[in-house]
Structures are given as C-alpha cells and as structure tokens.
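The values are calculated or read from the model by the stated rules, or taken from the named source; none is laboratory data. Source: prediction; values computed, not measured. Glycine gets a Cβ as well: all are built from the backbone with ideal geometry, and neighbour counts include every protein chain shown. SASA here: full protein model, heavy atoms, side chains in, ligands and nucleic acids out. Shrake-Rupley method; radii C 1.70, N 1.55, O 1.52, S 1.80 Å.
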Amino acid sequence: MGDVLVVQNSRSGGPSRLAGWLAEAGHELDIVPAHDGAPLPDRLGHDAMIMLGGGYLPSEDGRAPWLKEARRLVGQALAKGVPLLGICLGGQMIAEVAGGEVTGDVGAPENGSIPLTIRPEAAGDPLFRDLPPVVPAVEHHKDAITALPPGAAWLAETQACPYQAFRVGERAWGVQFHPEVLPERIKEWRADGFDPDEVYARAVADEPVSTPIWREVTMRFAAVVTEHAVSVSRSPSPA
C-alpha cells in the first residue's frame, strides 16, 4: 500500500514491533542503517518516513556525520507534507528542523516505563485523539526538546520532560518516548541512578496496557500513510 523509509541511527535502534504493525497495515519498510554507513536517498520519494532514535543530538554531525543528510530528508518531508514520525532523536530532529530547540543533558533523565499525560490539544489529533488521560510509554533519554516549533500542536507531556509528543503541520509527529520498544530491549540499557531490574519489572507490568495503545497509534499513522499515498497516486502528473 505504502513505501516507508525508516532511518536507523544506532545499531540496536531498529523499528522493532513497529515493523510488524506497519506490515500488517499493508506497508513496506525500506530500512536504511545510516549509522553503519548506508547512504540515504538524495530525494524523499517514499510515501512516508520514520526517523528512529540514537544517542546523539540532532546536529552532532561530528559524531554522526549522516545526521546532516537525515535533517535534509526531514526538511523535505515537512515541506512536502509527507507523513513523518520521529522517535526520540527523530522527534528532536523534527523539532529542530521545524524551528524549535533541543538541549543536551537537560532536566531529569527518564528511563523505563513512564506515565504520559495526554494534553487537551490531542482531542482533534489523528494519532493521539481519544487516548486515556494517562498512558505508559518507554523512555530512555537525557537530552530533550526545550522549545516546540512555532505553531506545533503539543500533544503529551511528563513532569520531567514536557514536550513528549507534538505535531507539526498535518502529517508530522515527533515523540520523545519509544513506542516501538518491548520490555526485553530495556535490559540492554543502562542509566545512572536507575535500578535496571526495577526499570525492567515496571515495563513488564505496564506492557499489557501500553502495547494496545501504541499499536493503535501506529495503525492510525499507517492510515495517514495510506490516505496520503492514495491521494498522491490520484493527483494528475505535471505536464
């Protein structure tokens, strides 16, 4: 149905369960391991794009030289209205490219399953509408968005990190959390000040609640991709 470019920014940071959910919705994923030197396309010709997480700030080109090309693709998606989902680093990248601010090592780090508060602005959002007032989501970050882009819709928050989810325009969403991550992945993470066994146990306890919610949000994104792909296919070709 739709062709989704997935940009992978770290060895272990693949699309995980998002891949299965999107495949279930009929979409094909073109996963590019940019962190491993795989070249990104010059032009975004896909029906949608997902920018995954990684242990960098969006503009740390010295540590991750492919980020410059990743930002360029994010800019193309925003300019063309191509459905876009940014996760953790990816969400920060959308915020920065669209005119917001991202700050390294700011505030209190978040690690493991954390309760998100869904904001009133989410009531009319295609992805976040009609969710429970508080939902659990997996976090693993110490960098954060510190100013949303002008005109962005602020969709979810936590006390430690206010800008947990937002939308730019009609089809671009950024999230600070990891809807793709299952509790087993958390065993690979280490963060100062957190007991890894306790963090894992809480994620396991929250998983029966969190998984149906983030599956539904992913399927809603898939529906946006389908709608956009169909509309583009029906548009007359330029003369």
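Side notes on the structure shown:
- Residues within region 132-152 that are more than 18 Å from L85 (Cα to Cα) and touching a residue at least 60 places away in the same chain (Cβ under 8 Å), tallied: 4
- Scanning region 104-140 for residues being within 19 Å of G54 (Cα to Cα), open to solvent by 50 Å² or more (accessible area, probe 1.4 Å) and either acidic (D, E) or at pLDDT 95 or above (or both) gives a total of 1.
- Of all residues in region 140-154, those that are within 14 Å of the chain's Cα centre (by Cα) and not in a strand (DSSP E or B) total 0.
- Matching residues, region 1-29, being more than 20 Å from V217 (Cβ to Cβ) and open to solvent by less than 10 Å² (accessible area, probe 1.4 Å): N9
- Residues within region 110-123 that are touching a Cys at 6+ places or on another chain (Cβ under 9 Å) and either farther than 15 Å from E198 by Cα or of a type in the set (V, I, T) (or both), tallied: 1
Conditions tested, residue by residue: (1) at pLDDT 95 or above; (2) touching a strand residue (DSSP E or B) at 6+ places or on another chain (Cβ under 7 Å); (3) surrounded by 14 or more Cβ atoms within 10 Å (Cβ to Cβ); (4) β-branched (V, I, T).
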| site | (1), (2), (3), (4) |
| --- | --- |
| E184 | no, no, no, no |
| P208 | yes, no, no, no |
| R220 | yes, no, yes, no |
| E227 | yes, no, yes, no |
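- Applying the set (1) modelled with pLDDT of 95 or more; (2) more than 14 Å from the chain's Cα centre (by Cα); (3) on the phi > 0 side of the Ramachandran plot to E101 leaves exactly one unmet item: (3).
- Residues satisfying the stated conditions in region 63-92, i.e. among the polar types (S, T, N, Q) and either modelled with pLDDT under 95 or crowded, with 24+ Cβ neighbours inside 10 Å (or both): Q92
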